[in-house]
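Asker: Quick one: this structure, given as structure tokens, is what I'll be asking you about.
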Amino acid sequence: MTRRGFLAALGVGQIASWGTLYYSFPLLAVPMEADLGVDRTALYLAPTIGLLIGSLAAYGVGGLIDRGRGRFVMAGGALLAAVLLVAWSRVESVAALYVVFAGLGLAQAATLYDPAFAVVARRYGAEARKGITALTLWGGFASTVFVPVVQMLLDRMEWREALLVLAAVNLLLCLPLYAAAIDRRHDAPPPAPHPEPDAEAPAPARPAAAWALRQPTFWLLATAFTLYYGTFSALTYHLYPLLLERGLSAEAVVAAIALIGPAQVAGRLFVWMLARDRSVRVVGGATVAALPLALALLLVAEGPVLLATFALLYGAANGIITIVRGVAVPELLTREAYGRLNGLIAVPQTVAKAVAPVAAAALWSLDDSYGPVLLAAVGAAVLVAGAFWAAAAASLRLHRLKPG
């Protein structure tokens, strides 16, 4: 399969995987809450469990991909997702739902961006950014496609039946796409054109990972992405009530939030068309600066102009950071052991995504106000920028070292 066909197949699969396994839950939760007779807090603990389990699986998944098992991981993940979506459709208690979501966490760890990025990096080698950027353009349409699709299903059938349709999507679309796109002949990186920046860095994946863990760059990147995605997750769940608390109308809030998705795709297109040859130090450094700026705007935004500016800046930053996240390890650290290192960074990142919404709710409850939550988010965003800039500087020093 050509590179173009590879990315198209993987991209369509990512739209369907994200749409069925991630964006479907908030819509399905509404009828589930009444049908199962559980409160919202207990219901939303299910995806938190899934994210935590997925974080524990991330390193092992990355290791399998490093050994050339990308097809097994992603096609197997789609099959597991189909089975568990059927199981989800049959749950009668919240305890059973938690068990299903523990399994869905494994399916997400095997099918969403991190394994897909690792597979693309192995196919593209030194040109990994080009492939990862293209893949994120596909993935950016997941909510645009599947939120209305899931809503249409719920308008026409019960939530349990809708889940069977989503299971069929994974079985009949995602599984064959991943199986066809990823083949053993291409599931290996090309030889590196230059030696690694430090003579101490060995070629095999396991020693290379051990070497990377001794570098400040790795830990600074892990800190930056963990704080970034924790902040993103908290805002994803709390932005709507936060803006309502400001006294804005529901229509104005929905209109502002609706700008974020297109801004994500626009940010990725900007990188694809105008900044594809720029170092990740430059692109990432500018992007992490945009997050505290956007949140500072949110602190003072009361009218539609500032609110729209926040949404566009925040959305563009989120779109670009996905690309930065995918290429930071090979460009700033090492191209060896990509799957393992990306998996290791994904562990605290995923835990932060799972815990941050609950932590934000607890912070809100202290004063029944989102003021402290937003101040904490601004502080976290400043730390993100500092950690990424420090990682970029440490990487620059690392790459100036000469072997031997």
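Asker: For the stretch 26-35, check the following and say yes or no: at least one residue is touching a Ser or Thr at 6+ places or on another chain (Cβ under 7 Å) and farther than 19 Å from Phe146 by Cβ. Break it down stepwise before answering.
Answerer: Going through the stretch 26-35, the residues touching a Ser or Thr at 6+ places or on another chain (Cβ under 7 Å) turn out to be none.
No, there is no match, as no residue in the stretch 26-35 is touching a Ser or Thr at 6+ places or on another chain (Cβ under 7 Å) and farther than 19 Å from Phe146 by Cβ.
Asker: Condition first: surrounded by fewer than 24 Cβ atoms within 10 Å (Cβ to Cβ) and within 18 Å of Pro292 (Cα to Cα). Can you find one or more residues in the stretch 335-351 that meet it?
Answerer: no
Asker: Could you tell me whether the stretch 308-324 includes any residue that is assigned to a helix (DSSP H, G or I), at pLDDT below 85 and either over 16 Å from the mean Cα position of the chain (by Cα) or of a type in the set (D, E, K, R) (or both)?
Answerer: Filtering the stretch 308-324 down to residues assigned to a helix (DSSP H, G or I) leaves 308-324.
After this cut, where a residue has to be at pLDDT below 85 as well, the list is 322-323.
Adding the requirement that they be either over 16 Å from the mean Cα position of the chain (by Cα) or of a type in the set (D, E, K, R) (or both) leaves none.
For the stretch 308-324, residues assigned to a helix (DSSP H, G or I), at pLDDT below 85 and either over 16 Å from the mean Cα position of the chain (by Cα) or of a type in the set (D, E, K, R) (or both): absent.
Asker: Still on this structure: Look through Ala110, Ala118 and report the one residue that is farther than 18 Å from Pro47 by Cβ and either touching a Gly at 6+ places or on another chain (Cβ under 6 Å) or surrounded by fewer than 19 Cβ atoms within 10 Å (Cβ to Cβ) (or both).
Answerer: Being farther than 18 Å from Pro47 by Cβ and either touching a Gly at 6+ places or on another chain (Cβ under 6 Å) or surrounded by fewer than 19 Cβ atoms within 10 Å (Cβ to Cβ) (or both) holds for just one of Ala110, Ala118, which is Ala118.
Asker: Something else: How about the stretch 260-293: which of its residues are without any contact (Cβ under 8 Å) to a residue 60 or more places away in the chain, of a type in the set (A, V, I, L, M, F, W, C) and part of a helix (DSSP H, G or I)? Reasoning before the result, please.
Answerer: First, the residues of the stretch 260-293 that are without any contact (Cβ under 8 Å) to a residue 60 or more places away in the chain: 260, 262-263, 266-267, 270, 273-275, 277-279, 282-283, 286-287, 290, 293.
Subsequent filtering for residues that are of a type in the set (A, V, I, L, M, F, W, C) retains 260, 263, 266, 270, 273-275, 282-283, 286, 290, 293.
Within the stretch 260-293, Ile260, Ala263, Ala266, Phe270, Met273, Leu274, Val282, Val283, Ala286, Ala290, Leu293 meet the criteria.
Asker: Right, something else. Just checking, does the stretch 348-359 include any residue being at pLDDT below 85 and more than 28 Å from Leu243 (Cα to Cα)?
Answerer: No, the stretch 348-359 contains no residue that is at pLDDT below 85 and more than 28 Å from Leu243 (Cα to Cα).
Asker: On the given criteria, is Asn342 more than 21 Å from Arg214 (Cβ to Cβ), in contact (Cβ under 8 Å) with a residue 40 or more places away in the chain and among the polar types (S, T, N, Q)? If you could, list the steps in order and put the result at the bottom.
Answerer: On the way: more than 21 Å from Arg214 (Cβ to Cβ): no; in contact (Cβ under 8 Å) with a residue 40 or more places away in the chain: yes; among the polar types (S, T, N, Q): yes.
When the stated conditions are applied, Asn342 does not pass them.
Let's see how each residue does on (1) crowded, with 17+ Cβ neighbours inside 10 Å; (2) not small (Gly, Ala, Ser):
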site: Arg123; (1), (2): yes, yes
site: Glu127; (1), (2): no, yes
site: Thr136; (1), (2): yes, yes
site: Val147; (1), (2): no, yes
site: Leu153; (1), (2): yes, yes
site: Met157; (1), (2): no, yes
site: Arg160; (1), (2): no, yes
site: Leu163; (1), (2): yes, yes
site: Ala167; (1), (2): yes, no
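The values are calculated or read from the model by the stated rules, or taken from the named source; none is laboratory data. On a predicted model such as this, the values are computed, not experimentally measured, just so you know. Virtual Cβ from ideal backbone geometry, glycine too; neighbours counted across all protein chains shown.
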